[in-house]
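> Here you go, one structure.
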Amino acid sequence: MTTAPTPSAVSRPRSGAGVRTALQKQGALITLVLVALLAFGALRYGSDFATGYNLQSVLADDSKYALVALGMTFVIMTGGIDLSVGSVAALGGVVAVQQSSHGFAVGALAGIAAGAAVGLVNAVLVTRLRLQPFIVTLATLLAVRGLALHLADVKGVSADAGSSFQGLASWSLLGLPVSALAVIVLYLIGEGVLRWTPFGRQVLAVGGNEDASRLMGLRVDFVKGAVYVLSGALAGLAGVFLAAQSGSVATGAGRGWELSAIAAVVVGGTLLTGGVGSVLATGVGVGLLQLLFNLITFENGKHVITISHYWEDVIRGGFLLVVVLLQVRVVRRRQRAVQS
């Protein structure tokens, strides 16, 4: 009589300690690079770069990408992908603006709810109909973008100037914009959930080996569905901050945010195939990429060389390609070591 394989017997090499250690070193390395770039910026550009105004502007702008990247981190750690987050952010912003006359609380909750609803659709299609996440979220990327354009009447929408909604962009505490504080709190919660709760361990287990997770009795479909709802809600919140900061939502809002989020997640050391990752390292990845773009802006201001903003996409793509190639080498080396 044959017996079912134990979870340890079917676990894949890529969930081993060697892969985790290598990716943890990657996270430490990008942290050092981030610190080095900050020092370089302060030395080269002086007080203009190191002022609180520049810091506040960068943090407020980065918060939107950080929120999207946080949700993407949990999705990728389960072995999935969410290509719809940019369109969801646009939808969340449009819905928030349309409800802005009722104040910031109603507008924010409406935007988050719109994002969570799209995330729930993704979750049902992935877990119940067993469709591939890439196809599902690519479809919702297009559909949700169309819905956002329809709600915005294809010309963009503006917030109610007489409401308190735009206070979300101007409020600050301890010298930090409220959006940055929200990101800090959410990232700390996310890291705590990942490290110290059963749900966090299940996220990594599902990404490490879904079949073994089912044999262990884990709620695989619930975990996979939950991370898509989380990703949608955070993308909706990112759209809320976008709308509050600009006072409006343009028709092209959120385009390409999914690629920025994936780049930040992978640069931060999360394994693209799931099972290994870090929330805080994703935050460092977001900071590193956005700092590079901030340095480009300051360098252009010196009029020594001129770097087009289109190079931002080249940088994102280059970082993503290099890091994925490094991850592939780490995983293959680990597989050979296990097989031998």
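> With a ≥ b ≥ c taken as the square roots of the eigenvalues of the C-alpha gyration tensor of the range 75-223, please select rounded if a/c is under 1.5 and otherwise prolate if a/b is larger than b/c or oblate if it is not?
Oblate, since a/c reaches 1.5 and b/c is not below a/b.
> Using a Förster distance of 30 Å, how high is the FRET efficiency between Ile307 and Asp153, based on the Cβ-Cβ distance and rounded to 0.05?
0.25
> Taking the highest mean first, how do the peptides 122-130, 106-114, 224-232 order by number of other beta carbon atoms within 10 angstrom per residue?
Most protected by this proxy first, the peptides run 224-232, 106-114, 122-130.
> Quick one: what do you get for the range 203-291 if you divide its Cα Rg by 2.2 N^0.38 Å?
1.31
> Return the long-range amide H neighbours of Gly274 (sequence gap of 5 or more, or a different chain), with a cut-off of under 5 Å between placed amide H atoms.
Hits under the 5 Å cutoff: Gly79.
> Right, here's the next one. Rank Ile184, Ile296 by accessible area, highest first, at a 1.4 Å probe radius?
These residues rank, largest area first, as Ile184, Ile296.
> Can you sort Thr273, Thr51, Thr73 by 1.4 Å-probe accessible area, starting with the largest?
Output order, biggest surface exposure first: Thr273, Thr51, Thr73.
> Using r as the Cβ-Cβ distance of Leu325 and His102, and R0 as 51 Å, what FRET efficiency do you calculate, to the nearest 0.05?
The pair Leu325/His102 has a calculated efficiency of 0.55.
> With the contact rule set at Cα under 8 Å and sequence spacing of 6 or more, what percent relative contact order holds for the range 196-340?
21 percent
The values are calculated or read from the model by the stated rules, or taken from the named source; none is laboratory data. Just so you know, these numbers come straight off a predicted model, no measurement behind them. Note that each Cβ is placed from the backbone with ideal geometry, even for glycine, and that neighbours are counted across all protein chains shown. Heads up: the accessible areas ignore ligands, DNA and RNA and are worked out on the full protein's heavy atoms, side chains in. Shrake-Rupley method; radii C 1.70, N 1.55, O 1.52, S 1.80 Å.
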